[in-house]
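Visitor: I have a structure here, written as structure tokens, and I will follow up with some questions on it.
The values are calculated or read from the model by the stated rules, or taken from the named source; none is laboratory data. Predicted model, so just to flag it, every value in this text is computed and none were measured. Cβ atoms come from the backbone with ideal geometry, glycine included; neighbour counts cover every protein chain shown.
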């Protein structure tokens with residue numbers, strides 16, 4: 001009996017006569033594609049067989065190209081004939097690639113190579129797939145955690161961006177202030193106010209230091225542009241600013257700031273909207289209060305800005321008063337029951353018991 005081509009044997013084995021019903025269009029399309037695949041595989045093996053005997057590479061290439069062309073034509077013919085009944089989702093090129101690999105493996109094995117262990121590879125692949133599934137589950141858990149972290153990170157980033165914007169603005173302001181500060185000369189001590197000379201090298205002769213820069217703000221306050229301190233003006237109108245009001249520093253042991261200078265005077269100035277729009281008024285420390293002493297003046301020993309037009313019923317806007325007496329500072333003595341005061345009747349600095357009543361003048365830092 002003559003040998004039949006491989007595709008004929010495959011076709012005969014797959015479609016032997018039976019008592020089954022007539023094939024459906026889908027079955028016919030599948031049969032056509034399977035037959036075309038069998039012919040393609042046989043065609044490639046025939047071409048490789050001839051090449052093994054002749055070594056003619058050009059003829060081999062031409063033959064293999066023809067095999068692919070015939071496969072594509074057969075698929076097109078089947079789909080044109082059976083249309084939607086053809087359920088194959090892969091194009092002829094995919095069949096071409098798959099069967100080409102099989103025929104290449106068969107050709108290589110015929111030449112002495114080892115056939116691929118697809119069964120073993122499949123088992124290994126399935127094991128890898130199981131491991132991969134576990135890794136995927138872990139990855140999904142990590143992804144959920146990562147999403148939560150990302151949400152938190154986005155929030156933190158928004159906050160950071162806002163803080164960075166604020167910081168950049170603060171830095172710009174700081175650099176501007178630093179430049180202005182660096183442009184200023186080193187600030188010496190303030191002048192004492194004494195202008196009478198008692199010979200070379202005396203205070204009135206040298207007048208060492210910088211002069212005060214008192215500016216009346218028109219709202220009951222005076223700013224010293226040299227120190228940056230803002231001072232409360234005193235009036236003679238019976239208000240909280242009246243020059244004749246006196247206050248205690250403390251009510252007694254443990255000698256804290258429980259006296260009326262703090263609980264009544266400062267509390268009133270800082271209540272509501274504050275005095276002149278500020279709520280950070282305080283008693284000056286000893287050095288700050290001493291800066292108001294003018295050694296050239298007498299009764300009271302202070303500068304003109306603090307003793308101008310003082311008359312009965314005048315307000316802090318219309319006048320500026322100072323009593324020739326003792327004003328409390330916020331500085332305590334080494335004995336905690338004593339606080340320092342500055343006497344504007346002599347320009348002296350002494351200490352007094354904190355329960356004693358003295359005059360006060362408020363100050364704040366800033367313009």
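Visitor: Counting only residues that are over 25 Å from residue 343 (Cβ atoms) and not in a loop (DSSP other than H, G, I, E, B), how many does the stretch 276-286 have?
Guide: 1
Visitor: Can you find even one residue in the stretch 250-272 that is at pLDDT 95 or above and touching a helix residue (DSSP H, G or I) at 6+ places or on another chain (Cβ under 7 Å)?
Guide: No, the stretch 250-272 contains no residue that is at pLDDT 95 or above and touching a helix residue (DSSP H, G or I) at 6+ places or on another chain (Cβ under 7 Å).
Visitor: Does any residue of the stretch 180-189 turn out to be out of contact with any helix residue (DSSP H, G or I) (no Cβ under 8 Å at 6 or more places or on another chain), in a loop (DSSP other than H, G, I, E, B) and surrounded by 11 or more Cβ atoms within 10 Å (Cβ to Cβ)?
Guide: Checking the stretch 180-189: not a single residue is out of contact with any helix residue (DSSP H, G or I) (no Cβ under 8 Å at 6 or more places or on another chain), in a loop (DSSP other than H, G, I, E, B) and surrounded by 11 or more Cβ atoms within 10 Å (Cβ to Cβ).
Visitor: Could you say whether any residue in the stretch 295-304 is over 43 Å from the mean Cα position of the chain (by Cα), free of Cβ contacts under 8 Å to residues at least 24 places away in the same chain, part of a loop (DSSP other than H, G, I, E, B) and in the same structural domain as residue 341 (by TED's automatic domain parsing)?
Guide: Yes, that holds for at least one residue.
Visitor: Right, something else. Would you point out the residue of the stretch 342-351, among those that are more than 22 Å from residue 281 (Cα to Cα) and touching a residue at least 40 places away in the same chain (Cβ under 8 Å), that is nearest to the chain's Cα centre (by Cα)?
Guide: Filtering the stretch 342-351 for residues that are more than 22 Å from residue 281 (Cα to Cα) and touching a residue at least 40 places away in the same chain (Cβ under 8 Å), the one nearest to the chain's Cα centre (by Cα) comes out as 349.
Visitor: Based on what the data block shows, is residue 120 farther than 24 Å from residue 37 by Cα and within 52 Å of the chain's Cα centre (by Cα)?
Guide: no
Visitor: If you take the residues of the stretch 72-93 that are over 20 Å from residue 27 (Cβ atoms) and in contact (Cβ under 8 Å) with a residue 12 or more places away in the chain, which of them is surrounded by the most Cβ atoms within 10 Å (Cβ to Cβ)?
Guide: 72
Visitor: Looking at this structure, is residue 245 crowded, with 18+ Cβ neighbours inside 10 Å, under 18 Å from residue 315 (Cβ atoms) and modelled with pLDDT of 95 or more?
Guide: yes
Visitor: Check whether at least one residue in the stretch 325-341 is surrounded by fewer than 22 Cβ atoms within 10 Å (Cβ to Cβ), free of Cβ contacts under 8 Å to residues at least 12 places away in the same chain and assigned by TED's automatic domain parsing to the domain that holds residue 242, and report yes or no.
Guide: So far as the stretch 325-341 goes, yes, one or more of its residues are surrounded by fewer than 22 Cβ atoms within 10 Å (Cβ to Cβ), free of Cβ contacts under 8 Å to residues at least 12 places away in the same chain and assigned by TED's automatic domain parsing to the domain that holds residue 242.
Visitor: While we're looking at this one, here's another question. Contact list please: Cβ distance under 7 Å, first residue in the stretch 194-210 and not assigned by TED's automatic domain parsing to the domain that holds residue 296, second residue at pLDDT 85 or above and exposed (fewer than 12 other Cβ atoms within 10 Å of the Cβ), pairs at least six apart or on different chains.
Guide: 204/196; 204/198; 205/199
Visitor: For residue 131, work out the one condition from (1) in a loop (DSSP other than H, G, I, E, B); (2) farther than 30 Å from residue 42 by Cβ it doesn't fulfil.
Guide: Here residue 131 meets the rest and fails (1).
Visitor: On to the next question. What are the residues in the stretch 298-319 that are within 27 Å of residue 208 (Cβ to Cβ) and modelled with pLDDT of 95 or more, if any? Walk me through it before giving the result.
Guide: Taking the stretch 298-319 as the starting set, the residues that turn out to be within 27 Å of residue 208 (Cβ to Cβ) are 298-308.
Residues satisfying the conditions are 300, 301, 302, 303, 304, 305, 306, 307, 308.
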